[in-house]
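Notes for the one structure printed next.
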Amino acid sequence: MRLGAFFLSLSVAATLSAGAARAQNATVANGEAARSHEVATDTTAPVKQPSYFNWSDNSITLLPYGWGYKVDPSNQSTFTFEHVHDSAIGDLFLFIDATKYHGSSAGVDDNTWYGEISPRLSLGKTLNKDLSFSLFGKSLFEVKDVLIAAQYERGEDSDAAEAALVGIGFDLDVREAGLLGPLGKFKYIQLNLYARDDLATNAQHGFRDAQITMVAARPFTIGSARFLVDGYFDWILGIGSEQWSYHINPQITLDVGNIWGNPDKFYAGVELDFWWNKYQIADSSAFHTNQQALSLIFKYHL
């Protein structure tokens, strides 16, 4: 009896142990299945992180032939690469020109290059403040943002063409109720007020001069054709050791890409280049430095 009871107790214990194991395995399996169901049914969209760049653009421009240049040979061709972007902290513009001179004298370089880089730090964006204002009720412009502006200029010959600039910039908008009445919507208007340090060899170094720069773009239409007028002016005041200079460079182009349904991609037209006291060299009867030049222009946005 004791032996039979012993085997009976072993059989009961084994049965209970197996049942407990099956119950534990079922609990684990049910838990894993529940977690798998939670993962499968979690449709929460991931949080999209804001991009540093709001937008950017690269373009190449060809001036195949131009007439009327001063100081340099009168006839020129220029190839330009431009980059511009707007970011979470400001904006940046840079370009580099490669210029070919036609009809250069023997022994004189027939090509050159020149470039600028212009970063600006937005106070409105970095401080997360609305800095827009207008000076008075009938003010032509409304200020949309205030920026710390800088610029570096460099030519092939740094002894003759190199400068550093720093100052304050403004993003502007033309007010519909401004002094001149409704002028329509500009694509952009920027005004920068700089202190200027000419780094050329013969110039007095230090921020001894000032420069005012404005850039703007205004699209318009004639019938179904789309056009763009854009450009800039640089006014070096000449309050330091160097001569004053005023350079205005408008472009009038047709949006050719729009004709075949691809707008804002390819433009063609003319560029005007007016420059008084070019390169800050005083105009005189012996050496004319006041320039009125005209070029064909083709611009493609990459």
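Data for the structure
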read-out: When residues of segment 125-153 are limited to those that are over 20 Å from F186 (Cα atoms) and hydroxyl-bearing (S, T, Y), the one surrounded by the fewest Cβ atoms within 10 Å (Cβ to Cβ); value: T126
read-out: Scan of segment 225-251 for residues that are touching a residue at least 24 places away in the same chain (Cβ under 8 Å) and hydroxyl-bearing (S, T, Y), ordered by number; value: S241, S245, Y246
read-out: Residue check, R218 assigned by TED's automatic domain parsing to the domain that holds Q190 and over 23 Å from Y188 (Cα atoms); value: no
read-out: Every pair of residues 6+ apart whose Cβ atoms lie under 8 Å, when the first sits in segment 64-76 and is farther than 9 Å from L294 by Cα while the second is surrounded by fewer than 16 Cβ atoms within 10 Å (Cβ to Cβ) and of a type in the set (G, A, S); value: P73/G103; P73/S104; S74/G68; S74/G103; N75/G103
read-out: Among (1) modelled with pLDDT of 95 or more; (2) farther than 24 Å from R154 by Cα; (3) touching a helix residue (DSSP H, G or I) at 6+ places or on another chain (Cβ under 9 Å) - the single one S224 does not satisfy; value: (1)
read-out: Near pairs, Cβ below 7 angstrom, 6+ apart or cross-chain, from segment 186-197 (in the same structural domain as D234 (by TED's automatic domain parsing)) to any residue that is outside any strand (DSSP E or B); value: A195/F207; R196/F207; D197/H205; D197/G206; D197/F207
read-out: Qualifying positions in segment 193-225 - touching a His at 6+ places or on another chain (Cβ under 9 Å) and in a strand (DSSP E or B); value: D197, D198
read-out: Filter result for A282 (of a type in the set (G, A, S), closer than 24 Å to E156 by Cα and either surrounded by fewer than 16 Cβ atoms within 10 Å (Cβ to Cβ) or free of Cβ contacts under 8 Å to residues at least 12 places away in the same chain (or both)); value: yes
read-out: From the options G231, G240, residue that is touching a strand residue (DSSP E or B) at 6+ places or on another chain (Cβ under 6 Å), closer than 23 Å to A161 by Cα and at pLDDT below 95; value: G240
read-out: Qualifying position, being more than 21 Å from the chain's Cα centre (by Cα) and farther than 22 Å from S56 by Cα, among Y194, Y246; value: Y246
read-out: When residues of segment 289-302 are limited to those that are in contact with an Asp or Glu (Cβ under 7 Å, 6 or more places away or on another chain) and either part of a helix (DSSP H, G or I) or polar (S, T, N, Q) (or both), the one surrounded by the fewest Cβ atoms within 10 Å (Cβ to Cβ); value: N290
read-out: Residue in segment 59-75 that is within 12 Å of the chain's Cα centre (by Cα) and at pLDDT 95 or above present; value: yes
read-out: Pair list, Cβ < 8 Å and 6+ apart or interchain, from segment 49-62 residues that are among the β-branched types (V, I, T) to residues that are at pLDDT 95 or above and surrounded by fewer than 12 Cβ atoms within 10 Å (Cβ to Cβ); value: I60/L302
read-out: Output for segment 135-161, where each listed residue is under 22 Å from F207 (Cα atoms) and within 22 Å of the chain's Cα centre (by Cα); value: V146, L147, I148, A149, A150, Q151, Y152, E153, R154, G155
read-out: Whichever residue in segment 73-100 is polar (S, T, N, Q) and over 21 Å from S122 (Cα atoms) and, among such residues, is surrounded by the most Cβ atoms within 10 Å (Cβ to Cβ); value: Q76
read-out: In segment 101-120, the residues that are on the phi < 0 side of the Ramachandran plot and surrounded by fewer than 12 Cβ atoms within 10 Å (Cβ to Cβ); value: S105, A106, V108, D109
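This table checks each residue for (1) basic (K, R); (2) within 24 Å of Q243 (Cβ to Cβ); (3) not in a strand (DSSP E or B).
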position	(1), (2), (3)
Y101	no, yes, no
P119	no, no, no
K125	yes, no, yes
G137	no, no, yes
G167	no, yes, no
D171	no, no, no
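Residues checked against (1) surrounded by 16 or more Cβ atoms within 10 Å (Cβ to Cβ); (2) assigned to a strand (DSSP E or B):
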{"residue": "D234", "(1), (2)": "yes, yes"}
{"residue": "E242", "(1), (2)": "yes, no"}
{"residue": "E271", "(1), (2)": "yes, yes"}
{"residue": "F287", "(1), (2)": "no, no"}
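The values are calculated or read from the model by the stated rules, or taken from the named source; none is laboratory data. It should be emphasised that the depicted structure is a prediction, and the values quoted were computed from it without experimental measurement. Please note: Cβ atoms are built from the backbone with ideal geometry, for glycine as well, and neighbour counts cover all protein chains shown.
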